[in-house]
Amino acid sequence: MFLANEVTAGQLAGDVAPAVLCSVEHDDWHVVGFEYIDGRPANLAPGSADLDRIGDTLDTLSGLPAGDTRPLQLRWANSNHWRNAAERAPESVSGWDIERMCEWSARAPELVNGNTLLHTDLHHDQFLITDDRVYVIDWAFPGAGAPWVDAAFLSLRLTGSGYTHAEAYQWARRRKGWAATDTDTLAESVTAWAVYVAGLWSWFAVQDGVLAFAEYRANLVRSYAAWCLRELV
């Protein structure tokens, strides 16, 4: 499934993604060949020159149609991750109003709905920077959704690279996908998105247990969600 996603979404992304050179299925095997890109991961630290180029790339992505890609709205139909985490490991979400978080999470699927091609897992390693291009790789979890969603995911990663929550949010607001969104609903939409992802990644961390990166990621997005709830709504 993941390789099939890579092929389909990579083709929809056009020049933003490395070209798919071949895709062969035989029995239980699926072999995919991609264009080789001699690039490096992105530097997301404050002051990095990569951010302007990455911003331009996100602007391009926010204008790409999703085709028949599965809607993120359907993928996010389950909004009970906060409750599941609280039941499995109460200490992991201690201090959070679980019922309120579930209410916010339940609003997210409709608010992220749209027809734009989404990557949904953007971080520094998902970019390959060359002298003249920025490529987006690893299209295993694409979705169809609102044009602001990928910039929101990257703004979250900026908070893990030295940006304050306010700085990361303002960076994302300068992207075309956010500028094209109704400003009356944007703050609500981003907050619902952050709360949903916080619940989802908290649940992943509970399941993954000893994996340190899962707990780090959950703490990162819970902090972002707390800021959104305090400052945006």
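Values computed for the structure shown
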read-out	value
Sole residue being outside any loop (DSSP other than H, G, I, E, B) and crowded, with 18+ Cβ neighbours inside 10 Å, chosen from LEU21, LEU117	LEU117
Residue check for ASP138: open to solvent by 10 Å² or more (accessible area, probe 1.4 Å) and either assigned to a loop (DSSP other than H, G, I, E, B) or under 20 Å from ALA9 (Cβ atoms) (or both)	yes
Subset of the stretch 76-99 that is part of a loop (DSSP other than H, G, I, E, B), of a type outside the set (S, T, N, Q) and under 21 Å from the mean Cα position of the chain (by Cα) - its residue that is surrounded by the fewest Cβ atoms within 10 Å (Cβ to Cβ)	ALA77
Criterion violated by PHE153 - all others in (1) modelled with pLDDT of 95 or more; (2) open to solvent by 20 Å² or more (accessible area, probe 1.4 Å); (3) among the aromatic types (Phe, Trp, Tyr) satisfied	(2)
Test: LEU72 is under 21 Å from LEU122 (Cα atoms), out of contact with any strand residue (DSSP E or B) (no Cβ under 7 Å at 6 or more places or on another chain), at pLDDT 95 or above and of a type outside the set (S, T, N, Q)	no
Meets criteria (open to solvent by 70 Å² or more (accessible area, probe 1.4 Å) and either assigned to a loop (DSSP other than H, G, I, E, B) or not hydroxyl-bearing (Ser, Thr, Tyr) (or both)) for GLY47	yes
Residue match in the stretch 201-209 (condition: in a loop (DSSP other than H, G, I, E, B), within 12 Å of the chain's Cα centre (by Cα) and surrounded by 19 or more Cβ atoms within 10 Å (Cβ to Cβ))	no
Meets criteria (surrounded by 12 or more Cβ atoms within 10 Å (Cβ to Cβ), modelled with pLDDT of 95 or more and not in a helix (DSSP H, G or I)) for GLY55	no
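The values are calculated or read from the model by the stated rules, or taken from the named source; none is laboratory data. None of these values were measured; they are calculated from a predicted model. Methodologically, a virtual Cβ is constructed for each residue, glycine included, from the backbone with ideal geometry; neighbour enumeration extends over all protein chains shown. SASA here: full protein model, heavy atoms, side chains in, ligands and nucleic acids out. Shrake-Rupley method; radii C 1.70, N 1.55, O 1.52, S 1.80 Å.
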